[in-house]
Amino acid sequence: MHLTLFWIAQGIGTIGLACTAIAFLSRSRLRLLVLQQIGSVFFLAHFLLLATQIGATMNSVIILRNFVYERKNKAWASHALWPYLFAILSAVFLLVTWQGAMGLFPVMGVSIASFGLWRDKTATIRRFLLVSTLLWIPYLVSVHSYPGIINQLVILASIIFGIAHMDHKSS
């Protein structure tokens with residue numbers, strides 16, 4: 001990979017990092033999903049430029065999933081099978097784009113997040129996303145996604161902050 005392209009990819013990923021870090025400080029489920037959506041578009045471009053197929057396809061699933069989940073109040077988007085569909089779609093993409101066992105981590109992360117984001121309470125969402133976040137880190141290290149690594153660490157800190165300060169206000 002050309003060094004300039006590598007750093008352009010890192011710059012685009014940094015924009016995605018900013019969007020997703022802010023998302024996890026949201027009290028509103030819809031705002032969380034919209035900001036995550038914007039960040040995912042930037043990360044999709046980031047992974048395409050890094051030529052990491054599973055990273056790019058998982059961000060495609062995230063974009064599609066968030067599009068559906070943002071419309072959960074509509075009849076077509078309210079069916080409880082959606083999280084299962086996104087988990088299956090993630091597994092299919094893993095098989096089609098197989099680049100090694102490391103790809104299992106983001107697939108598991110997206111699948112777990114799909115079930116968490118289906119929930120309505122942000123406190124529950126944060127707990128599912130805590131696990132999802134931890135699963136992405138080994139993959140991101142392996143593909144040299146510096147903004148992705150930082151993103152997951154910032155998300156992790158944001159989730160922990162949200163759990164401590166928003167979910168446990170009575171403490």
Total residues in the stretch 1-15, condition more than 23 Å from the chain's Cα centre (by Cα) and within 11 Å of Gly148 (Cα to Cα): 0
Filtered residues of the stretch 42-62 (kept if at pLDDT 95 or above, among the aliphatic types (A, V, I, L, M) and within 23 Å of Ser158 (Cβ to Cβ)): Leu44, Ala45, Met58, Val61
Filter pass, Arg65 being on the phi < 0 side of the Ramachandran plot, basic (Lys, Arg) and without any contact (Cβ under 8 Å) to a residue 40 or more places away in the chain: no
Hits in the stretch 137-161 - residues which are in contact (Cβ under 8 Å) with a residue 40 or more places away in the chain and open to solvent by 60 Å² or more (accessible area, probe 1.4 Å): His144, Tyr146, Ile150, Phe161
From Phe93, Phe115, residue being buried (at least 20 other Cβ atoms within 10 Å of the Cβ) and in a helix (DSSP H, G or I): Phe93
Selection count, the stretch 113-129, where residues are under 11 Å from the mean Cα position of the chain (by Cα) and at pLDDT 95 or above: 2
Residue satisfying condition, being under 18 Å from Ser40 (Cα atoms), over 14 Å from the mean Cα position of the chain (by Cα) and modelled with pLDDT of 95 or more, within set Leu89, Leu81: Leu89
Test set (1) in a helix (DSSP H, G or I); (2) modelled with pLDDT under 95 - Val110 fails condition number: (2)
Subset of the stretch 25-50 [among the aromatic types (Phe, Trp, Tyr) and without any contact (Cβ under 8 Å) to a residue 40 or more places away in the chain]: Phe42
Residue within the stretch 31-46 that is over 13 Å from the mean Cα position of the chain (by Cα) and closer than 27 Å to Asp167 by Cβ present: yes
Test for Leu5: is it touching a helix residue (DSSP H, G or I) at 6+ places or on another chain (Cβ under 7 Å) and either buried (at least 19 other Cβ atoms within 10 Å of the Cβ) or closer than 19 Å to Tyr139 by Cβ (or both): no
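The values are calculated or read from the model by the stated rules, or taken from the named source; none is laboratory data. Values in this document were obtained by computation on a predicted structure and should not be read as measured data. Backbone-built Cβ (ideal geometry, glycine too); neighbour counts: all protein chains shown. Just the protein is used for accessible areas: all its heavy atoms, side chains included, with ligands, DNA and RNA removed. Shrake-Rupley method; radii C 1.70, N 1.55, O 1.52, S 1.80 Å.
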